[in-house]
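Have a look at the structure below, then the notes.
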């Protein structure tokens, strides 16, 4: 099973530069004060690469990548004869 990640924000460290929203507009929007609001969708593939770039570019070091919890595979109930 492939691991997925989510973007987390340290709201205390964030200074509201908005660079993250410019680099990752499909996931991050800015609120009315210019601080990021992050979607909760897990990131994989190309979106994960863009998220890594946004995390590395954050001037306040307020963004991070968190591993999303792994989901247990769906199990089918046992069939009774």
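Only the coordinates and a few stated rules stand behind these numbers; no lab work does. Bear in mind the structure is a predicted one, so any value in this text is a computation, not a measurement. Ideal geometry is used to build each Cβ from the backbone, glycine not excepted, and the neighbour counts take in all protein chains shown.
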Margin query: Using Cβ counts within 10 Å as a stand-in for footprinting exposure, how do 44, 6 rank, fewest first?
Written below: 44, 6
Next item on the list: Figure the gain on full extension for residue 48 and residue 61 (residue separation times 0.36 nm, minus the Cα-Cα span) and round it to one decimal in nm.
Entry: 2.9 nm
Check: Rg and Dmax of segment 1-52, using alpha carbons, in Å: what are they?
Finding: 11.4, 39
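Figure the gain on full extension for residue 32 and residue 10 (residue separation times 0.36 nm, minus the Cα-Cα span) and round it to one decimal in nm.
Additional length available on full extension: 6.1 nm.
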